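Step one of this worksheet: look at the structure below.
The values are calculated or read from the model by the stated rules, or taken from the named source; none is laboratory data. Remember, predicted model here, so these are calculated numbers, not experimental data. Note: ideal-geometry Cβ built from the backbone for every residue, glycine included; neighbour counts use all protein chains shown. Heavy atoms of the whole protein, side chains included, go into the accessibility calculation; ligands, DNA and RNA do not. Shrake-Rupley method; radii C 1.70, N 1.55, O 1.52, S 1.80 Å.
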Amino acid sequence: MAQVHLRNLIKAYGALQVVHAINLDIADGEFVVLVGPSGCGKSTTLRMIAGLEDISGGEIAIGERVVNDLPPRDRNISMVFQNYALYPHMTVRENLGFSLKIAKRPQADIDVAVNKAADILSLTPLMDRRPAALSGGQRQRVAMGRAIVRHPEVFLFDEPLSNLDAKLRTQMRVEIKKLHQRLGSTIVYVTHDQVEAMTLADRIVIMRDGHIEQVGTPIEVFDNPVNTFVATFIGSPPMNLLEGRVDQGAVVLTDGSRLPIPPRYTAAQGAAVTYGIRADNIMPVGHALPAGDHIATVDMAVTLSEPLGTETLLFAELAGTEVQAKMLNPRPVRGRETMTFQIALDKCHLFDAATGSALRRA
Amino acid sequence: MASNQSHRMRRRGLKIAHFIGLFLAMSVICIPGLWIVLNSFRPTVEIMAKPPVWIPNDLNLDHYRAMFGAVGEGGVPVLTYFRNSLIISVTSTVIAILIGMAGGYAFARYRFKGKAAIFIALMVTRAVPGVALSLPLFIIYARVGLIDTHIGMIVTYVAMNVPFTIWLIDGFFRQVPRELAEAAEIDGCTRWQAFWRVEFPVARSGIASAGIFAFLTSWNEYALASQLTRSVTSKTMPVGLLDFTSEFTLNWGGMCALAVLMIIPALVLTFLVQKHLIAGLTFGGVKG
Ligand SMILES: Nc1ncnc2c1ncn2[C@@H]1O[C@H](COP(=O)(O)OP(=O)(O)O)[C@@H](O)[C@H]1O
Ligand SMILES: [Mg+2]
């Protein structure tokens, strides 16, 4: 059993608090991704779980044990670092077997475990090389191999793919997911890349400035963001946000145009609100907008188009704000062509303009 | 075709010019050393000849024979000096490296009060010329009875070398990513094991080069040794060179012969560890 519990976990460097009393319960075998912009405290949180960073307040438990004062070696975890941190003076084989050697396991056992890990990660032909003679992707594999030979209760990953090129990153992402399915261990994974978070996670933890903003499955945080930060951070392109004021069941935008309040939202008359529309939910007429009963129509001048193959991203202007929309079945777009767009209101969001929090849904 | 050929000609010309330049530079560096080696093998008349004789016409081992001969007939207790030099240099180097490793590691990895000030203070000690300290050192050593002892010289050389070894080793540990030790700790090491099994081996080349510099400094030091040693109990080889001077004469040949004997161990050591030395000086290569 290896759940991980963070209870009011705090980290402060002197007077500067970088993690603010966060709470998180991670189930046994769960793949949890901490995601957030650079500097929000993801690595610090992960390193506290690993025992590489002192805890300023609160409690960390792995399984049933509170591990606050245990050194890393007694926590039964393993970690993959962003720069891989392979031992440069050892061969791949020695790198993989190092932890077992330190644990004084018999050489025969070490060989079996190392060969098995090498087999899983296709490292067998590289076993006698030094890290300096490996490519980025191969080093990444060795780092993962080193983590799995010990069968730890919890794996910690700190941006393991950020030093790889885009193609390799996609490939390794799939491998990490397969590895998790195969090993079934608990994984805490840190990244600033929301695509990585969405594709890998059982549950996503979105952090900002040392606070947890939202915890949920990828679909939950995508469909029901609790505030504008999550709404714009998760999903690509980011959700379009339009400022306005509530007036009799509609939101009046800054240029006076009106959009109906999305179904199921309630908002007080006259309240300042932010209207959120994802690019997938605003499309030119006739472009297979997601089904729904509530549709609004607006005319917008398209200023720019980005063909992506199966779809084209359109940049247009609505009430003085740049809005990104999608066009399926792409066709060429003339400069500043005015098109009629449909908005799927069932998929739209309404936030309090002052706090950014999502308004209550009926 | 023609332009191709002239291009090739020019490249060859550049290569030759490069070679000649290198040869001249190396000559300037090497000729004094070669001159000493040459002089140790030829009669005094030829050494003193004016204009200098470049091509020797009589090479022999007379100076070496005389040097190892009986005292009073031009002999010098070479082996004793050699032993003194070796004991003093090796011991002081080992101590300076141990202190340098502890200090360098602390500077590279930890934050503590007064770190910058201590570091600058250490560097400033390098600005003080050693000779300037010889008189105060002499007085103190005379009081505590360290004049003409191995211990006295070892302490002196440790003090001389420690700031340098700390500075050098700090630089090498700085280049070892912190994550290596962290990875080792996660792999089950204690802090101490992580240092000896990962950080030390990775920085080993750098530490070896710091060791050579410390050793050579002690091995070649003359100014302080000439003040603080008196007799065969502690005189080192550089001080031994002075045995070839007497009131009215200088035995150049003998001096050169002893100098050659002094250079040999330093050369051998440098060759033995040159692989490490080069790796240490181009440290970036071990990262990965
Ligand atoms: N040793 C330190 N001293 C002071 N501040 C630190 C230290 N380490 C990290 N921080 C600060 O803590 C915050 C969180 O850092 P980190 O956890 O590395 O962020 P990230 O989410 O990018 O991984 C950052 O603002 C960083 O500047
Ligand atoms: Mg980070």
- Message: Condition first: at pLDDT below 95, within 27 Å of A:L126 (Cβ to Cβ), within 16 Å of ligand 1 (Cβ to nearest atom) and open to solvent by less than 50 Å² (accessible area, probe 1.4 Å). Can you find one or more residues in the range A:11-26 that meet it?
- Response: no
- Note on the structure: Those residues of the range A:27-49 which are out of contact with any Ser or Thr (no Cβ under 8 Å at 6 or more places or on another chain) and surrounded by fewer than 16 Cβ atoms within 10 Å (Cβ to Cβ) amount to A:P37, A:S38, A:G39
- Task: Test each condition in (1) open to solvent by 10 Å² or more (accessible area, probe 1.4 Å); (2) within 13 Å of chain B (Cβ to nearest Cβ); (3) at negative phi for A:D128 and report the one that comes out false.
- Result: (2)
- Task: Mind counting the residues in the range A:49-73 that are within 16 Å of ligand 2 (Cβ to nearest atom) and more than 20 Å from A:Q214 (Cα to Cα)?
- Result: 3
- A:G97 being more than 18 Å from A:S185 (Cα to Cα), in contact (Cβ under 8 Å) with a residue 40 or more places away in the chain, within 13 Å of chain B (Cβ to nearest Cβ) and of a type in the set (G, A, S): yes
- Can you name the residue in the range A:74-89 that is touching a residue at least 40 places away in the same chain (Cβ under 8 Å), away from ligand 2 (no atom under 16 Å from the Cβ) and open to solvent by 40 Å² or more (accessible area, probe 1.4 Å) and, of all such residues, is nearest to the chain's Cα centre (by Cα)? A:N76
- Message: Taking the conditions exactly as written (touching a Gly at 6+ places or on another chain (Cβ under 8 Å) and part of a strand (DSSP E or B)), does A:L304 satisfy them or not?
- Response: no
- Message: Every residue in the range B:194-232 that is among the hydroxyl-bearing types (S, T, Y) and within 14 Å of another protein chain (Cβ to nearest Cβ), please.
- Response: B:S205
- Message: Out of A:L308, A:L313, A:L304, I need the residue that is open to solvent by 70 Å² or more (accessible area, probe 1.4 Å), of a type outside the set (S, T, Y) and under 25 Å from the mean Cα position of the chain (by Cα). Which one?
- Response: A:L308
- Item | Filter result (among the charged types (D, E, K, R) and either away from chain B (no Cβ under 14 Å) or surrounded by 17 or more Cβ atoms within 10 Å (Cβ to Cβ) (or both)) within the range A:54-71 | A:E59, A:E64, A:R65, A:D69
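Could you say which residue among A:T355, A:T310 is at pLDDT 90 or above and of a type in the set (S, T, Y)? Quick ask: steps written out before the conclusion?
Details: A:T310 fails: at pLDDT 90 or above.
So the residue among A:T355, A:T310 that is at pLDDT 90 or above and of a type in the set (S, T, Y) is A:T355.
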- Among the residues of the range A:12-22, is any within 14 Å of chain B (Cβ to nearest Cβ) and away from ligand 2 (no atom under 16 Å from the Cβ)? yes
